[in-house]
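One structure is given below, encoded as structure tokens.
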Amino acid sequence: MDYVVEMRNIRKSFPGIIACDNIDFQVKKGEIHALLGENGAGKSTLMNILFGLYQPDAGSIYLRGKKVNIVNPNVANELGIGMVHQHFKLVHNFTVTENIILGLEPTRALMIDTRSASAQIKELSQKYGLNVDPDAKISDVSVGMQQRVEILKMLYRDAEILIFDEPTAVLTPQEVRELMKIMRNLIDEGKTIILITHKLREIMAIADRSTVIRWGKVVGTVNVADTTEEKLAEMMVGRKVLFELNKKEAHPKEEILRIEKLSVAGSGGAKGLKNFSLGVRCGEIVGLAGVDGNGQAELVGAIIGLRKILSGKIILHDRDVSTLSIRERISTGMAHIPEDRHKHGLILDYSVQENLVLKNYYLEPFSHKGLLNWDYIYDHAERVIKDFDVRAGEGAEASARSLSGGNQQKAIVGREFDGNPDLLIAVQPTRGLDVGAIEYIHKRLLEQRDQGKAVLLVSLELDEILDLSDRIAVIFNGELVGLVNAAETDENEIGLMMAGGKRGATA
Amino acid sequence: MVDLIYQLFPYAIAFTVPLLITSLGGLYSERSGVINIGLEGLMLMGMFVGALIISRTESIYPGTAIWIGLLAAMLFGAVFALLHAFACVTLNANQVISGIAINMIAAAVTVYLARLISGSGNIQIIRGLSRQTIPILSDIPILGRLLFTQTYATTWFVLLILVVATFLLYKTRFGLRLRACGEHPHAADSAGVNVYRMRYMAVIISGACAGLGGATFIVTISGEFNGTAAGLGFLALAALIFGQWKPWGILGAAFFFGFASTVANVSQVVPMLAQIPGIYLKTFPYVVTLAALVLSSKYSLAPKAIGEPYDKGKR
Ligand SMILES: Nc1ncnc2c1ncn2[C@@H]1O[C@H](COP(=O)(O)OP(=O)(O)OP(=O)(O)O)[C@@H](O)[C@H]1O
Ligand SMILES: [Mg+2]
């Protein structure tokens, strides 16, 4: 038997849903094995079982041919299994070293031997090309760096089987490339990797085999070399996925949003926004491209009212809204899909139906004479859940926390599309979504445009920007580098502009 | 003026010490993620047990009675704090409410028992701790007179605890794990740290410290148990926040409160201060606390997970 990990007949149910339905899953030593499936298919649940966070209702796990009983993550650690969760588990005011050694601290004369620990971490970091500063504070390092700290945490514990749950969802394209290089280094050193991702291209680029799951059941395991993105997508969704969008010509009309000479202070080392001007017209999608941290968060925060502006104007519907409250801006017809779904998108301990009325619970017919109209709120939630295919065990009454990451995202997107906003500000609207869901959201964004509404699309994915936008604004260092028609540009030109090059400056 | 400061200093220090040690207790609990509003009650428990044990034993063992009393107060504080730990850690109760309950139980139980024992409800000790001047060190100019004359042994003991506490919190395995539990218990748990056990230990330590604080107050300042801790526990809590959950910050904050309270207490007998209406001096420490808390709250360094019961299943 040459499987390092073998999960047999794993079954796990939650109220109202079977997350894993007799799953068989085998991983060979030294391979990168991709786990693919729709949002809510049960991928995270399966891996949480392997890591000991959940106990399966039935089934057994074999490691290197021996049956094991993984009752908690400590047992998993001892068996050489490590996991990088989608939401990192790091103490923000500890150093990198402290986070890594926590629980396994080397000591000398009662004291923690930070010096030798940090030397050891430096060595590990060099061996795998991680390039981490062991003495930096977590709160000072980028998300990509935090992920590497999580990787080091596993390596420090001598993990042989490394589980990554959607590691690339939070990374910039540049960081994704670096992560892939790191993964190859890990494989070269004899590790085994299980990778959950929705990005088919990443699977094609790096994985050896892929197991596809749908509705808690295994559809099949394939060799990546023998398959294509299209085939994988079809296996996963159960129908053909159109990678081509049916994009009609845009008919832009009057300007709905006008940003004039806007300046916003930066936060957390970011550069802020300087003298930024941009207009968005009804009936078009304007894409905002840029490397993460170049002022996108400041711009969006200022428009929706989460950040104070230093100077400038934000004109919506011919009215300066820069001093209005967030609620007033929303009622002028603005909607916002936030970048961080946990921080600004959902109240995790509220139910789905409550989360779906967060912005308009006080309006008729959601409330009547100051009392919430629960029947209507429930029906409303059922409608959004159906339209956007939000999968949850207990439907409208499930707590947002119990939803899978992608389904949380779909719920937010559903809420923001609801009520047909005149201006939709969509920041990374498809983060963490499966290809089927991405296709649907893209279709809805285009529909919105064709109905004469405006969309400001902020995304780190250049493909998404190029596919959907009519005009593309490029931001660098808090300033507008240029504004181009999507039909007249390509990836290379935008890429150059994202690095600060003016249009036409380089041929 | 200078003379006044020389005179006030020993009193200010004496007042600071019970605050400091109680505050340090709060530090342990809160750094592990458990709010401890119950400091007041824990202190009161220490006062009661300290006064009771000392008053019963001082005729038999004149010299050591005080130390037996202090030790007993620590022990009872620790045991009493177990109640808070059980509610907050095992039962996932609301930590503020549990703390309030601790305060109410302590007040009720100690006063009830004190009445049973003494009738009047007050328990007096005959001899408090005596003040000592430290030989050589007290000859240092200025500092010698400020710090090393008329000192209590408990002061040095508490300062030793401060040093040990700092070392424990920042240099040892135990401290790193404890702080991790207060900042991100899920991270600690996934690294193999038993969050429940760490929090239990922290709350027990906080009870022992607060108990010691209460008994120290009895043997150095008040000399009797009279059914109330007079808000000292809350002042210790304020010192903890004002000191930004750091040992040396707490020392500074506790000394500030100690000094301000002493000035207020002696104002009537010092001509220079007597001109200022008593109400200003008496409210001064509290007004400053309030202002300081309002101002510092924006940059609060409170442990991130403070007040949150740890729920393993939460993802
Ligand atoms: N703790 C829980 N309580 C209730 N339901 C849960 C819980 N954890 C998962 N589920 C449900 O189980 C199903 C599978 O969830 P899981 O997180 O494994 O999906 P996933 O494949 O990782 O999806 P995604 O790609 O969106 O992350 C979902 O319908 C989810 O709502
Ligand atoms: Mg998932």
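Can you tell me which residue is nearest to ligand 2 (Cβ to nearest atom) among those in the range A:431-456 that are among the small types (Gly, Ala, Ser) and not in a strand (DSSP E or B)? Give the steps one after another, and end with the answer.
Filtering the range A:431-456 for residues among the small types (Gly, Ala, Ser) gives A:432, A:436-437, A:452, A:454.
Going one step further and asking which of them are not in a strand (DSSP E or B), we end up with A:432, A:436-437, A:452.
Numbers: A:GLY432: 8, A:GLY436: 15, A:ALA437: 13, A:GLY452: 36 Å.
Of everything passing the filter in the range A:431-456, A:GLY432 is nearest to ligand 2 (Cβ to nearest atom).
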- Those residues of the range B:277-315 which are of a type outside the set (Gly, Ala, Ser) and within 14 Å of chain A (Cβ to nearest Cβ) amount to B:TYR299, B:LEU301, B:PRO303, B:LYS304, B:ILE306, B:GLU308, B:PRO309, B:TYR310, B:ASP311, B:LYS312, B:LYS314, B:ARG315
- Specify the residue that is farthest from the other protein chains (Cβ to nearest Cβ); the eligible residues are those in the range A:401-430 that are more than 14 Å from ligand 2 (Cβ to nearest atom) and in a helix (DSSP H, G or I). A:PHE417
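Within the range B:224-248, take every residue that is aliphatic (A, V, I, L, M) and assigned to a helix (DSSP H, G or I) and give me the one that is farthest from the chain's Cα centre (by Cα).
Initial filter on the range B:224-248 (aliphatic (A, V, I, L, M)): B:229-230, B:232, B:235-241.
The next check asks that each one be assigned to a helix (DSSP H, G or I); those that pass are B:232, B:235-241.
Values: B:LEU232: 8, B:LEU235: 9, B:ALA236: 5, B:LEU237: 8, B:ALA238: 11, B:ALA239: 9, B:LEU240: 9, B:ILE241: 13 Å.
So, considering only residues that are aliphatic (A, V, I, L, M) and assigned to a helix (DSSP H, G or I), the one farthest from the chain's Cα centre (by Cα) is B:ILE241.
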- Query: Would you pick out the residues in the range A:108-146 that are hydrophobic (A, V, I, L, M, F, W, C), in contact with a helix residue (DSSP H, G or I) (Cβ under 9 Å, 6 or more places away or on another chain) and more than 14 Å from chain B (Cβ to nearest Cβ)?
  - Reply: A:ILE121, A:LEU124, A:LEU130, A:VAL132, A:ALA136, A:VAL141, A:VAL143, A:MET145
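Kindly provide the set of residues from the range A:180-199 that are among the aliphatic types (A, V, I, L, M) and touching a residue at least 40 places away in the same chain (Cβ under 8 Å), ordered by number.
Here is the first cut: in the range A:180-199, the residues among the aliphatic types (A, V, I, L, M) are A:180, A:182-183, A:186-187, A:193-196.
Matches in the range A:180-199: A:ILE182, A:MET183, A:LEU186, A:ILE187, A:ILE193, A:ILE194, A:LEU195, A:ILE196.
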- Message: Criterion first (out of contact with any strand residue (DSSP E or B) (no Cβ under 6 Å at 6 or more places or on another chain), away from ligand 1 (no atom under 16 Å from the Cβ) and in contact (Cβ under 8 Å) with a residue 12 or more places away in the chain) does A:ASP387 satisfy it?
- Response: yes
- Residue pairs qualifying under the 9 Å Cβ cut-off, at least six apart or on distinct chains, with the first in the range A:48-65 being within 14 Å of chain B (Cβ to nearest Cβ) and closer than 16 Å to A:ALA19 by Cβ and the second being within 13 Å of ligand 2 (Cβ to nearest atom) and among the acidic types (Asp, Glu), are A:ASN48/A:ASP165
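Being within 14 Å of another protein chain (Cβ to nearest Cβ), closer than 22 Å to A:ASN407 by Cβ and within 13 Å of ligand 1 (Cβ to nearest atom) is true for just one of A:SER44, A:SER13. Which residue is that? Outline the logic, then answer.
Numbers: A:SER13 fails: within 14 Å of another protein chain (Cβ to nearest Cβ).
Only one candidate qualifies: A:SER44.
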- Item | Residue, nearest to the chain's Cα centre (by Cα), within the range A:38-66, restricted to residues that are on the phi > 0 side of the Ramachandran plot and either within 16 Å of ligand 2 (Cβ to nearest atom) or among the small types (Gly, Ala, Ser) (or both) | A:GLY40
- Message: With the structure loaded, tell me whether B:ALA230 is more than 14 Å from chain A (Cβ to nearest Cβ), surrounded by 24 or more Cβ atoms within 10 Å (Cβ to Cβ) and of a type outside the set (D, E, K, R) or whether it fails that test.
- Response: no
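So which residues in the range A:235-262 are outside any loop (DSSP other than H, G, I, E, B) and either at pLDDT below 85 or buried (at least 17 other Cβ atoms within 10 Å of the Cβ) (or both)? Explain how you work it out, then say what you get.
Step one: of the range A:235-262, the residues outside any loop (DSSP other than H, G, I, E, B) are A:235-237, A:255-262.
The answer is A:MET235, A:MET236, A:VAL237, A:ILE256, A:LEU257, A:ARG258, A:ILE259, A:LEU262.
Yes/no per residue for (1) surrounded by 24 or more Cβ atoms within 10 Å (Cβ to Cβ); (2) among the aliphatic types (A, V, I, L, M):
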site	(1), (2)
B:VAL34	yes, yes
B:ILE37	no, yes
B:MET47	yes, yes
B:TYR61	no, no
B:ALA65	no, yes
- Query: Quick one: how many residues across the range A:68-107 are within 11 Å of another protein chain (Cβ to nearest Cβ) and either in a helix (DSSP H, G or I) or among the charged types (D, E, K, R) (or both)?
  - Reply: 13
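State yes or no: is A:LEU195 at pLDDT 95 or above and either within 20 Å of the chain's Cα centre (by Cα) or part of a loop (DSSP other than H, G, I, E, B) (or both)? So that I can check it myself, show each step before the final result.
On the way: at pLDDT 95 or above: yes; either within 20 Å of the chain's Cα centre (by Cα) or part of a loop (DSSP other than H, G, I, E, B) (or both): yes.
Taking the combined requirement at face value, the residue satisfies it.
Criterion first (closer than 21 Å to B:MET104 by Cβ and among the small types (Gly, Ala, Ser)) does B:ALA202 satisfy it?
Judged against the criteria, B:ALA202 is not a match.
Taking the criterion of being within 23 Å of A:ILE17 (Cβ to Cβ) and in contact with an Asp or Glu (Cβ under 8 Å, 6 or more places away or on another chain), would at least one residue in the range A:439-462 satisfy it?
So far as the range A:439-462 goes, yes, one or more of its residues are within 23 Å of A:ILE17 (Cβ to Cβ) and in contact with an Asp or Glu (Cβ under 8 Å, 6 or more places away or on another chain).
The values are calculated or read from the model by the stated rules, or taken from the named source; none is laboratory data. Bear in mind that the values here come from a model prediction, so they are computed numbers and not experimental data. Every residue, glycine as well, gets a Cβ built from its backbone with ideal geometry; the counts of neighbours run over all protein chains shown.
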